[in-house]
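Peer 1: Quick one: this structure, given as structure tokens, is what I'll be asking you about.
The values are calculated or read from the model by the stated rules, or taken from the named source; none is laboratory data. Everything numeric in this text was worked out from a predicted model, so none of it was measured. Don't worry about glycine lacking a Cβ; one is built from the backbone with ideal geometry, like all the others, and counts go over all protein chains shown. Only protein heavy atoms, including side chains, enter the accessible area calculation; ligands, DNA and RNA are left aside. Shrake-Rupley method; radii C 1.70, N 1.55, O 1.52, S 1.80 Å.
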Amino acid sequence: HNRIKHIRSQDLQQTVNLRVLLLQSNEISSIDEDSFRSLGKLELLDMSNNNLAHLSPAWFGHLVSLQRLHLHGNSYRDLGESSPFSSLRNLSSLHLGNRWFSTIRQGNFEGIELLHKFWIEGGNLSQYEPESLKSIKKINHMIINIRSTKVFSAIVRDLLHSVIWLEVRKIAFSISAEVQPLRIMSSSFAKKISFKKAVLTDATVPEIVSILEDMPKLAEVEIIDCRLLGTGRWEIQIQANQSQTLTVLTIEKLAIEEFYLFTDLKNVEGLLSLLTKVTVVNTKVFLVPCSLSKSLLSLEYLDLSANLLGDQSLEHSACQGGWPSLQTLNLSQNSLSDLKMTVKSLSHLSRLFLLDISQNNFGDMPDVCEWPETLKYLNLSSTQIPKLTACIPPTLEVLDVSANNLREFGLQLPFLKELYLTKNQLRTLPGAAPIPNLVAMSIRRNNLNGFSREEFESFKKMELLDAGDNNFICSCEFLSFIHHQAGIAQVLVGWPDRYVCDSPLAVRGEQVGAVHLSLMECHRNLIVSLICVLVFLVILVLVALGYKYHAVWYLRMTWAWLQAKRKPKRAPPKDICYDAFVSYSENDSEWVENIMVRELEQACPPFRLCLHKRDFVPGKWIVDNIIDSIEKSHKTLFVLSEHFVQSEWCKYELDFSHFRLFDENNDAAILVLLEPIQSKAIPKRFCKLRKIMNTKTYLEWPLEEEQQQRFWFNLKIALKS
């Protein structure tokens, strides 16, 4: 599933120990002749679904260990003039062909004598040279997908004595003329014939049956996913001698469009007496004629699952004298709804050993039933039974009542060895006294909380207990308890993680006596749950504190601070808009706005000052406004006072300016001390300010009017510098 187009000589040169090479679903169109030279140990090569237009014998010349080869789904039209597989002496499985594959020549399969599985995809195969496949002495399973009955007949002629199981796919037998070439099959030694996705009609079925009945060694016939165009009214009488070897008939998903008009099949009743195993699944069977049931004298196994049998039709199908030798009967997934009537219909089957009537809709169970005395295995799973009664036969050795609505189990079954109670509503284990010989029990997916010592001590013969997927309060104590119960040899403890006490993967399926779990392993789910709760509470507290103390805002401010740190210290001259950015406390605004701004902006020439009240961009985040204003100002003027050092915003302005203003080679900061401040009185968070005041000269606002003129003169000189 890649886009490989070419395999070169050196690509696989070092993979001398390779056993499996999967190259399917690529775009391979060319392979160097010695590409596989080093793969002497290769056992599986899959090059299906590529673009190979030809097959070269040189590719496979060194693959002496190759057992399975898949070449289907390419674009080659033939296999060449000789055999590409002559050196593959260990080949056991070969799959070839494609939609363009049209020719098979003599010699194409020289060198192959035995194949376990041989699959030819030849939907458009039109030329087959006689005896092309005759060199293969034995084929255990031959799959042929060929539309042409003429080519099919020629191939079968060469395989009369070599194929054990012949599987025919996607071929249509619509008229009698299409069946005539198959007459050669009457001489075939095949033991099994399968038809898959084939088309049959009333005109061709009688002739096909005649051919199959004449095959001397045929033991099994399969018809899977086929279509039957007709209603069973054969145009000619079936003329065939009953096969003395055919014993197994399987029909699955046979589509009969007018199945409700199908006949009673009286024409084939004489051919069925030797069948021992019949499977008719998912074929819309709603009735088996009584006469047909009576003709199945040797039938031991019958599977009619996934059909349309109802209570009335079953009574007719299993009539007196019908299925006299039947031992195994599967009626699951039908339309049965009356358990009492079902039991009555089957009560005369004197040899019935196994009965599967699961996935029907019985509902309530009657109090008393008459079952065949030989019945040992009963499957009543998924039948909507809310409560079990004495209707269950006491002769049972295996009982499956899984997937019902059972809340208790108290039946007296002295011979029962296996009990399946999965997917019910049980809260406690069944009592052991009524089932003393129980060897294995599955009670998964119920509502069990645990087991008591008394419940265990009575299960003397228990060897396997599967109690996973329950609500055990503490599996550690449970394991510790059953560790000393010698009667129980094995316990499956693979409970899912959602339960309070789980058993770790390492001990699932282990012998109970060998399991020793630590406290952490025992209470892993509980500890993990507590940790999750604590983590959740910590996160909740952090979120609450963050909300209360505006943590999100501080994070954004920190990010802006980091950005400011990384920016260049000086802005280009063209971006300078102000002579100074004024940083001051709101409590000092009267002096700044009414005295300092008026003095500086009305000077000659006037100074351009940036004030946050007047010049900040409305709607823009305040931190961005501070950074932009500092960058666009030639100087930064700090008006220092007791209020300044108490202001959080003034600290931010000081921090943001620090990275571009306060270094040894930069005098862009101007400090104006509005009132005396001792450096020791400055809070520790203003450490930068304390450092600056200790290392740089600052202007102090004088209270005497005669000295104020000198103050303004010095300030203007500083702003112009």
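Peer 1: Are any residues in segment 115-135 under 27 Å from K41 (Cα atoms) and modelled with pLDDT under 95, and if so, which ones? Don't jump to the end; show me each part of the working.
Peer 2: First pass over segment 115-135, keeping only residues under 27 Å from K41 (Cα atoms): 115-120, 135.
The one that is under 27 Å from K41 (Cα atoms) and modelled with pLDDT under 95: S135.
Peer 1: For S75, only one of the following conditions fails: (1) surrounded by 17 or more Cβ atoms within 10 Å (Cβ to Cβ); (2) modelled with pLDDT of 95 or more. What is its number?
Peer 2: Tallying (1) surrounded by 17 or more Cβ atoms within 10 Å (Cβ to Cβ); (2) modelled with pLDDT of 95 or more, S75 fails exactly one: (1).
Peer 1: For segment 123-139, state whether one or more residues are closer than 16 Å to A198 by Cβ, touching a residue at least 40 places away in the same chain (Cβ under 8 Å), crowded, with 19+ Cβ neighbours inside 10 Å and of a type outside the set (A, V, I, L, M).
Peer 2: Here is the first cut: in segment 123-139, the ones closer than 16 Å to A198 by Cβ are 123.
Among the residues that remain, those that are also touching a residue at least 40 places away in the same chain (Cβ under 8 Å) are: 123.
Those still in the list that are crowded, with 19+ Cβ neighbours inside 10 Å too: none.
No, there is no match, as no residue in segment 123-139 is closer than 16 Å to A198 by Cβ, touching a residue at least 40 places away in the same chain (Cβ under 8 Å), crowded, with 19+ Cβ neighbours inside 10 Å and of a type outside the set (A, V, I, L, M).
Peer 1: Scan segment 124-149 for residues that are outside any loop (DSSP other than H, G, I, E, B) and closer than 18 Å to F101 by Cα and report the count.
Peer 2: Going through segment 124-149 one residue at a time, the tally reaches 8.
Peer 1: If you go through segment 156-169, how many residues are open to solvent by 10 Å² or more (accessible area, probe 1.4 Å), over 15 Å from P216 (Cα atoms) and not in a helix (DSSP H, G or I)?
Peer 2: 1
Peer 1: Let me ask something else about it. Can you name every residue in segment 423-445 that is touching an Asp or Glu at 6+ places or on another chain (Cβ under 8 Å), among the polar types (S, T, N, Q) and open to solvent by less than 60 Å² (accessible area, probe 1.4 Å)?
Peer 2: Passing the criteria: only S442.
Peer 1: Hey, does segment 19-41 have a residue that's in contact with a Pro (Cβ under 9 Å, 6 or more places away or on another chain), closer than 17 Å to P84 by Cβ and hydrophobic (A, V, I, L, M, F, W, C)?
Peer 2: No, the conditions are met nowhere in segment 19-41.
Peer 1: Okay, next question. Evaluate the following for S358: is it open to solvent by less than 20 Å² (accessible area, probe 1.4 Å) and touching a Leu at 6+ places or on another chain (Cβ under 7 Å)? Step through it out loud before you land on a result.
Peer 2: Details: open to solvent by less than 20 Å² (accessible area, probe 1.4 Å): yes; touching a Leu at 6+ places or on another chain (Cβ under 7 Å): yes.
It is true that S358 is open to solvent by less than 20 Å² (accessible area, probe 1.4 Å) and touching a Leu at 6+ places or on another chain (Cβ under 7 Å).
Peer 1: Something else now. Can you tell me which residue within segment 41-68, out of those that are touching an Asp or Glu at 6+ places or on another chain (Cβ under 8 Å) and open to solvent by less than 30 Å² (accessible area, probe 1.4 Å), is farthest from E131 (Cα to Cα)?
Peer 2: The qualifying residue farthest from E131 (Cα to Cα) is N50.
Peer 1: Out of curiosity, is S153 among the polar types (S, T, N, Q) and assigned to a loop (DSSP other than H, G, I, E, B)?
Peer 2: Working: among the polar types (S, T, N, Q): yes; assigned to a loop (DSSP other than H, G, I, E, B): no.
So S153 fails the test.
Peer 1: Regarding L91, is this residue without any contact (Cβ under 8 Å) to a residue 40 or more places away in the chain, farther than 25 Å from I224 by Cβ, assigned to a strand (DSSP E or B) and open to solvent by less than 70 Å² (accessible area, probe 1.4 Å)? So that I can check it myself, show each step before the final result.
Peer 2: Details: without any contact (Cβ under 8 Å) to a residue 40 or more places away in the chain: yes; farther than 25 Å from I224 by Cβ: yes; assigned to a strand (DSSP E or B): no; open to solvent by less than 70 Å² (accessible area, probe 1.4 Å): yes.
No; evaluated as a whole, the condition is false for this residue.
Peer 1: Please work out which residue is nearest to Q646 (Cα to Cα), limiting yourself to segment 600-621 and to residues that are part of a helix (DSSP H, G or I) and open to solvent by 60 Å² or more (accessible area, probe 1.4 Å).
Peer 2: Applying the first criterion (part of a helix (DSSP H, G or I)) to segment 600-621 yields 600-601, 612-615.
Still in the running and open to solvent by 60 Å² or more (accessible area, probe 1.4 Å): 613-614.
Values: K613: 19, R614: 23 Å.
My answer is K613.
Peer 1: When you go through (1) assigned to a loop (DSSP other than H, G, I, E, B); (2) touching a residue at least 60 places away in the same chain (Cβ under 8 Å) one by one for V209, which number turns out not to apply?
Peer 2: (1)
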